[in-house]
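> Just passing along the structure, written as structure tokens.
The values are calculated or read from the model by the stated rules, or taken from the named source; none is laboratory data. In this text the structure is predicted, and so the values were computed from the model without any measurement. For neighbour counting, all protein chains shown are included, and Cβ atoms are generated from backbone atoms with ideal geometry for every residue, glycine included.
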Amino acid sequence: TLEQIWRHRKQRWQQDKENTEVREKETKKELKKILRTRYGVSPGDTQYIGIPYNPSEQQQRTMKQVITKEWEKAYQTTPNFITKTIKKRFHIKKNPTIGEILINMRKYAKNHGEKPTCMCKHEVFKGTKRTKGHLAIRASEIQNKEYKDIRNIHFQTVPRPATIHVIKDTTETIRDMLRKIQKKNPIENTQWKKTERRINKKLRQKIFIKTNDQCKSTVPTRRRVIQIKKKLQGLVITNMDRHRGEISIECPCRYYANLKKMFDNEDDAGKTEKEVKKQIKENYKWQHIVRLKESGEIPGPVYNLNKEKDITRQRPVRPSFRTRNKTLLSITARVINFWINKATLKTRNWHIDNVLKIKTHWQREKTRISIYGKNTRFLFKPGDIKDFFTTCEHTEALQAVKYLRQRYKKKTNLYKVRKRGRNGVTNTTRGTLGDRRYTIISGDEVMDILQYALENQYYKLGKKIKQQKIGFPMGEAVAPPGANSIAATAMEQWADQNPTEFQRTTILRFVDDMISVVAYDKTNKETLETGKKILDELYTNKRNNKKGVFKTPIRIIDEPVNKDGSSNFLEVEINTTKKCDDLTIRYKYKNEEHFKHGEKRKLKLIVPYESWGPTERHQAKIVGKFLRMEILTGQRQHKKDKRLTHAVIPYIEECLENGYPPQTILKSINKMEGHDHQWKTIKKKITMAMYPHHPYGIRLGRPKFPKEKNLGTTTRTRLERCKPDIRNKILRYQWQLLNKPNGNE
């Protein structure tokens with residue numbers, strides 16, 4: 001029939017069309033291969049060119065111009081139809097920070113075993129009080145005037161490059177670029193020297209020395225940082241734990257002794273590195289899940305970091321970024337986390353997985369605890385879980401994971417897990433369906449891998465190889481879920497064994513920080529006394545007292561309370577209301593005590609304005625901080641509630657101290673203005689500080705400058721017309737005047 005003929009022809013036309021498309025694709029591929037072999041580039045290629053970072057925009061522009069011209073010269077021999085289609089993508093390179101140039105702790109950690117010479121008489125320690133043992137000092141506490149350049153500096157800042165370094169950086173980038181372009185015809189040394197001279201001439205003509213060397217800036221040049229590094233030769237320089245902006249300088253004898261104290265108590269493996277690698281390979285039987293990394297190494301060498309709050313205490317670090325079974329351990333860790341999150345637990349709301357969800361966790365538990373109706377009142381007690389990772393027993397950890405696995409209602413014993421990235425765990429019956437990003441693992445295999453990981457904990461201490469037999473290693477993928485599973489099982493078992501106490505108590509826990517809350521009846525004094533007793537017994541050893549949560553060696557220590565009765569928990573300040581019928585939670589800035597009560601030492605230094613890139617990045621960072629403050633503080637409950645303003649003011653003060661222009665802070669506040677009415681009052685305060693004769697600033701009156709500071713006289717009303725250094729001083733004074741405890745609100 002005609003219909004059959006038409007369908008047959010249509011099918012043939014479709015096949016011919018598909019064949020022509022395939023042929024075209026194949027010919028294009030072949031042509032691209034021929035062009036790439038001949039010219040090194042094919043049409044439509046994208047080339048990524050890295051430009052070194054420079055604080056001055058003028059120099060950044062000149063560097064970009066020089067690099068583009070050299071790029072165009074390199075492609076003079078290639079045909080025009082190829083060069084037109086090539087796409088250029090410029091990206092700013094990550095330059096080394098001041099901290100990265102100075103820090104040398106890993107070098108000393110590698111050579112552990114060789115006894116160092118004492119350097120306590122070095123001029124850096126001049127004026128420091130001598131305590132027991134060898135000396136150590138924070139960079140911000142150095143009293144010697146020769147090192148004033150690094151005293152008040154955030155060590156995450158990029159040092160200002162001198163003209164020599166600008167020329168050096170550009171020539172290095174051009175050389176790398178030419179090497180990539182001219183793979184077939186490599187550059188000879190004589191040819192490169194000629195091009196280098198030409199580039200140097202161009203740069204010296206275009207780059208002005210005044211813009212770089214003579215500009216007033218608190219950030220030192222790269223040359224100055226290298227000079228300081230030479231002066232500090234022989235000393236151990238480490239970054240502070242959880243504070244990248246600060247570094248500590250210490251005697252090598254102290255570092256050697258502390259490293260020995262932290263790690264040398266473990267047993268020697270009694271094997272060479274080759275033997276340990278061979279043993280790990282022989283015991284490895286999970287090739288069907290993930291292959292063992294052949295190029296991997298034994299974790300280490302281990303090192304110490306001085307703690308931020310107390311320099312006399314150290315945190316041991318065991319780096320495991322190049323371990324052979326890293327992907328396998330991360331897969332098992334994801335499955336254990338999945339069991340913790342999905343298990344049916346009475347104490348589900350006790351375990352905080354996200355810091356921003358503290359209020360939601362408390363609101364859920366508040367409704368459960370308030371068994372006395374309108375008469376319910378609350379007591380709280382902060383605590384800290386000690387020796388959480390280092391001393392927990394392996395058998396206890398395996399039992400805890402097994403307990404949580406039983407509490408999860410599973411469909412099958414198989415789990416589809418993502419190899420890299422977060423989450424990505426599903427209890428599957430269908431398999432991976434050919435997706436290479438995922439793998440299949442059974443629950444029994446997870447338990448076997450966990451046991452294998454705990455039995456084979458090897459690390460390097462200098463050139464020795466040690467074996468850890470107790471506790472979880474800090475830095476291993478299995479450590480956080482393993483420790484969390486111990487805490488989750490201990491708290492769930494306590495809730496099962498003490499049902500009457502569980503009705504009126506709750507614990508908010510994030511890893512090793514915790515705060516316990518008890519409800520009592522305001523009309524009955526006995527409930528208050530029993531509530532206090534419950535809180536005290538919670539923190540005791542379970543081996544001696546059944547009402548305790550943890551068994552030794554894991555123990556809970558009482559955390560000190562602030563003067564006003566509040567407690568610092570994670571990033572917030574927790575306190576009871578005046579009636580004690582609820583908990584007030586607000587964001588607390590790290591350096592709040594410094595700005596409010598004039599405490600000497602700051603806990604964390606803010607990244608200065610000069611070290612950053614474009615203004616959009618500043619705004620994004622500030623808006624992110626403001627959002628965090630708003631989420632953790634929550635909406636105001638009544639008109640006199642000023643928790644958000646108290647949280648924001650010290651942060652803005654520190655921003656102004658570090659040279660942030662108030663206009664960038666105002667722009668970020670404008671984005672937050674619609675969220676909460678309190679942002680309007682904060683905006684008013686900044687405008688009052690900036691423009692005293694603005695409608696908002698009439699309340700303040702004319703700015704009265706103190707006689708102590710020579711700020712100079714300014715007849716103009718707008719502070720913007722002043723010199724920048726004078727303007728910043730006036731702003732700071734105005735801001736402090738506004739935010740006095742008994743000042744204008």
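> Within the range 419-465, how many residues are among the polar types (S, T, N, Q) and more than 25 Å from LYS402 (Cβ to Cβ)?
Residues of the range 419-465 that are among the polar types (S, T, N, Q), as a first pass: 423, 426-429, 432, 439, 442, 451, 456-457.
Next cut, more than 25 Å from LYS402 (Cβ to Cβ) only: 432.
The total comes to 1.
> Next question, about the same structure. Filter the range 357-394 down to residues that are surrounded by fewer than 18 Cβ atoms within 10 Å (Cβ to Cβ) and at pLDDT below 90 and give me whichever is farthest from ILE449 (Cα to Cα).
LYS386
> MET119 passes all but one of (1) without any contact (Cβ under 8 Å) to a residue 24 or more places away in the chain; (2) among the aliphatic types (A, V, I, L, M); (3) touching a Cys at 6+ places or on another chain (Cβ under 9 Å); which number fails?
Against the list (1) without any contact (Cβ under 8 Å) to a residue 24 or more places away in the chain; (2) among the aliphatic types (A, V, I, L, M); (3) touching a Cys at 6+ places or on another chain (Cβ under 9 Å), MET119 comes up short only on (1).
> Could you pull out every one of the strands (runs of 3 or more DSSP E) wholly within the range 339-427 that has 1 or more residues that are in contact (Cβ under 8 Å) with a residue 12 or more places away in the chain, of a type in the set (Lys, Arg) and under 21 Å from GLY471 (Cα atoms)?
Of the strands (runs of 3 or more DSSP E) lying wholly inside the range 339-427, those with at least 1 residues that are in contact (Cβ under 8 Å) with a residue 12 or more places away in the chain, of a type in the set (Lys, Arg) and under 21 Å from GLY471 (Cα atoms) span 376-386.
> Suppose we keep only residues that are within 21 Å of GLU455 (Cα to Cα) and part of a loop (DSSP other than H, G, I, E, B) within the range 471-511. Which one would you say is farthest from the chain's Cα centre (by Cα)?
From the range 471-511, those within 21 Å of GLU455 (Cα to Cα) are 471-486; that's our starting set.
Next cut, part of a loop (DSSP other than H, G, I, E, B) only: 471-478.
Numbers: GLY471: 25, PHE472: 22, PRO473: 20, MET474: 16, GLY475: 14, GLU476: 17, ALA477: 17, VAL478: 20 Å.
Per the criteria, the residue is GLY471.
> Only one of these is crowded, with 16+ Cβ neighbours inside 10 Å, of a type in the set (Val, Ile, Thr) and in contact with a Pro (Cβ under 8 Å, 6 or more places away or on another chain): ILE98, ILE103. Name it.
Only one candidate passes the filter, namely ILE98.
> Select from the range 230-287 the residues that are among the charged types (D, E, K, R), within 32 Å of the chain's Cα centre (by Cα) and assigned to a loop (DSSP other than H, G, I, E, B) and list them in ascending order.
Residues satisfying the conditions are ASP241, ARG242, ASP264, GLU266.
> Could you please find all residues in the range 106-148 being in contact with a helix residue (DSSP H, G or I) (Cβ under 8 Å, 6 or more places away or on another chain), surrounded by fewer than 17 Cβ atoms within 10 Å (Cβ to Cβ) and closer than 28 Å to ASN54 by Cβ?
Residue satisfying the conditions is GLU146 alone.
> For residues that are in a loop (DSSP other than H, G, I, E, B) and closer than 17 Å to PRO79 by Cβ, tally how many sit in the range 24-62.
Quick first cut of the range 24-62, residues in a loop (DSSP other than H, G, I, E, B) only: 40-45, 52-56.
In the following step, the residues that additionally are closer than 17 Å to PRO79 by Cβ were identified as 40-45.
So the count comes out to 6.
> Answer yes or no: is there a residue in the range 92-103 that is at negative phi, of a type in the set (Lys, Arg) and either in a loop (DSSP other than H, G, I, E, B) or not assigned by TED's automatic domain parsing to the domain that holds ASP169 (or both).
Kept after step one, since they are at negative phi, are these residues of the range 92-103: 92-103.
With the extra rule that they be of a type in the set (Lys, Arg), the set shrinks to 93-94.
Subset that is either in a loop (DSSP other than H, G, I, E, B) or not assigned by TED's automatic domain parsing to the domain that holds ASP169 (or both): 93-94.
Yes, there is a match, as at least one residue in the range 92-103 is at negative phi, of a type in the set (Lys, Arg) and either in a loop (DSSP other than H, G, I, E, B) or not assigned by TED's automatic domain parsing to the domain that holds ASP169 (or both).
> Could I ask something else about it? In the set LYS10, LYS29, LYS17, which member is modelled with pLDDT of 75 or more, out of contact with any His (no Cβ under 8 Å at 6 or more places or on another chain) and not assigned by TED's automatic domain parsing to the domain that holds TYR75?
None of the other options fit; the residue is LYS29.
> Separate question: Given the criteria β-branched (Val, Ile, Thr) and part of a loop (DSSP other than H, G, I, E, B), does THR439 qualify?
Numbers: β-branched (Val, Ile, Thr): yes; part of a loop (DSSP other than H, G, I, E, B): no.
So THR439 does not fit the description; no.
> Tell me which residues, restricted to the range 290-335, are of a type in the set (Ser, Thr, Tyr) and assigned to a loop (DSSP other than H, G, I, E, B).
Result: SER295, THR312, SER320, THR323.
> Since ARG89 meets every condition but one in (1) in a helix (DSSP H, G or I); (2) more than 30 Å from PRO301 (Cβ to Cβ); (3) of a type in the set (Lys, Arg), which condition does it not meet?
ARG89 satisfies every listed condition except (1).
For every residue, the table says whether it meets (1) of a type outside the set (A, V, I, L, M, F, W, C); (2) modelled with pLDDT under 80; (3) surrounded by 14 or more Cβ atoms within 10 Å (Cβ to Cβ).
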residue	(1), (2), (3)
HIS154	yes, no, yes
THR163	yes, yes, yes
THR173	yes, no, yes
LYS201	yes, yes, no
ILE207	no, yes, yes
VAL225	no, no, yes
GLN233	yes, no, no
